[in-house]
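*Asks:* Can you read through this structure? Questions will come right after.
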Amino acid sequence: MANSELFGKWSSYRDENLEAVFTAMGVSWIGKKLGSKLNVSVSIEDASSGGSEEVQLSVKSLVINTETRLPIDSIASASPAGEDGKLVIHMGEAASAEELKRSGRKQVRELLDNGELLLTIIWDGITAKRWFRRD
């Protein structure tokens, strides 16, 4: 399971190279411009129950409002795993968890020494970062 200190509500305040990652993902021009300029609120919660480990991610902004519940180490279009106190979500289509991890497409959420949350997105060799402060 991911580091429980990652759980909570966070607001973005800075980003780096997001438009380049959005381009690699095939996001539209409008989506790239909006996505890299909007402040985003994220909630990370432990959604485990009945012996299954799950994490729930809620993302909110002026144009996005999503909630996603992901079982840990499962096969889906996104598969979260706890690695070294970080929440790592491998993204893409795959037949196995190992294949998904080898895709190189992932989001890594980690707690920094200053108490901030850093989201690192890696997509086809391009890296972007977004910093968050706890609400």
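The values are calculated or read from the model by the stated rules, or taken from the named source; none is laboratory data. Not measured: the values here are computed from a predicted model. All Cβ positions, even for glycine, are placed from backbone atoms using ideal geometry, and neighbour counts span all protein chains on display.
*Asks:* Any idea which of (1) aliphatic (A, V, I, L, M); (2) at pLDDT below 80; (3) part of a loop (DSSP other than H, G, I, E, B) is the one Val27 doesn't satisfy?
*Replies:* (2)
*Asks:* So, in the range 78-135, how many residues would count as being modelled with pLDDT under 80, of a type in the set (A, V, I, L, M, F, W, C) and surrounded by 16 or more Cβ atoms within 10 Å (Cβ to Cβ)?
*Replies:* Counting residues in the range 78-135 that are modelled with pLDDT under 80, of a type in the set (A, V, I, L, M, F, W, C) and surrounded by 16 or more Cβ atoms within 10 Å (Cβ to Cβ) gives 8.
*Asks:* I'd like to verify a number: residues in the range 52-63 that are polar (S, T, N, Q), surrounded by 13 or more Cβ atoms within 10 Å (Cβ to Cβ) and in a strand (DSSP E or B), how many?
*Replies:* If we filter the range 52-63 for residues that are polar (S, T, N, Q), which is where we start, we get 52, 56, 58, 61.
After this cut, where a residue has to be surrounded by 13 or more Cβ atoms within 10 Å (Cβ to Cβ) as well, the list is 56, 58, 61.
Still in the list and also in a strand (DSSP E or B): 56, 58.
Selection size over the range 52-63: 2.
*Asks:* Tell me whether the range 35-51 contains one or more residues that are assigned to a strand (DSSP E or B), of a type in the set (D, E, K, R) and modelled with pLDDT under 90.
*Replies:* Of all residues in the range 35-51, those assigned to a strand (DSSP E or B) come to 41-46, 49.
Now drop any that are not of a type in the set (D, E, K, R), which leaves 45-46.
Filter once more, keeping what is modelled with pLDDT under 90: 45-46.
Yes.
*Asks:* List every residue pair whose Cβ atoms sit under 6 Å apart, with the two residues 6 or more apart in sequence or on different chains, where the first one lies in the range 3-27 and is more than 16 Å from Lys106 (Cβ to Cβ) and the second, anywhere, is hydroxyl-bearing (Ser, Thr, Tyr).
*Replies:* Partner pairs satisfying both residue conditions: Lys9/Ser43; Ser11/Ser41; Glu19/Ser36.
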